[in-house]
Structures are given as C-alpha cells and as structure tokens.
Amino acid sequence: MKRSKVIVTDRATASFKRIIGGLKEVSLIGGEDARLAILDSIRKLGVNPMANSMSAKFERLEGEYRKVDVWDYRIYYKVEENKVIVLDIILQPKKKAKS
C-alpha cells in the first residue's frame, strides 16, 4: 500500500499548539498523552485516510473532506490523490445527555 504525504496547514498547527498548551497548563501528563494521540492519528492518515473517519460535508467546497475524532478533538482534513491535508483541529463539544 502506498503511503500518502501528510501536510499540516498553519491553521491546524496553531490549533494543535493552542490545544496542547492549554492541556499542559492543567496536566503535563494529560497534555503529553493528548499530544501523542493526536500526532499518532495524523500519522495514520498517511497510511489509510479513510479508516475510522466520517465524511465532512462542506457545501461550497469540492473534494473529499473527512473528519476523525481523537479524544475530545476532531481533525478535519482533505484527501487528494497522493496527499492528505490536515485543515484544522477543534474541540468536539460533548453531547448533552437527555433527561
């Protein structure tokens, strides 16, 4: 299986740094664990960008956009022929339990 090149945008890099920096203010170990989990998921996108992911629908943009959840975070990315472009990493809001 051919490995795709993974490109991380400036926006995704800034989001990653902000997320990990905030987590490390609360817990160094928790922040490091989250950092490793997110980086591992990004590396895996180069091997199989469709695994454990969902389609992300962007109405005005053409192409194959996907999203994958890692802990409480969601990674948005675009799949192209020989590359995967990580667009952003955001906090995924928790769903409220029904009463």
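Readers should treat all values here as calculations from the given coordinates under stated rules, not as data from a laboratory. Since we're looking at a predicted model, the values are computed, not measured. Virtual Cβ from ideal backbone geometry, glycine too; neighbours counted across all protein chains shown.
In this label model, ARG35 and ARG11 are separated by 2.5 nm, measuring between points 7 Å along each Cα→Cβ vector. Contact order for the chain, expressed relative to its length and based on alpha carbon pairs under 8 Å spaced 6+ residues apart, stands at 32 percent. With neighbours defined as other Cβ atoms within 10 Å of a residue's Cβ, the residues VAL8, VAL47 order from fewest to most as VAL47, VAL8. Taking θ as phi - 60° and the Karplus parameters 6.51, -1.76 and 1.60, the scalar couplings of the stretch 81-93 work out to 3, 10, 8, 10, 10, 7, 8, 6, 10, 10, 6, 8, x Hz in sequence order, x denoting glycine and proline. How tilted is helix 10-26 with respect to the longest principal axis of the chain? Cα atoms for both, answer in degrees (0 to 90, nearest 10). Once rounded, one gets 20 degrees. Between the listed residues ILE29, MET50, TYR65, the Cα displaced farthest toward the positive end of the dipole of the stretch 16-65, a dipole computed from Cβ unit charges relative to the Cα centre, is found at ILE29. Return one number: the angle in degrees, 0 to 90 and rounded to the nearest 10, between the long axis of the Cα atoms of helix 28-45 and the longest principal axis of the Cα atoms of the chain. The angle comes out at about 10 degrees.
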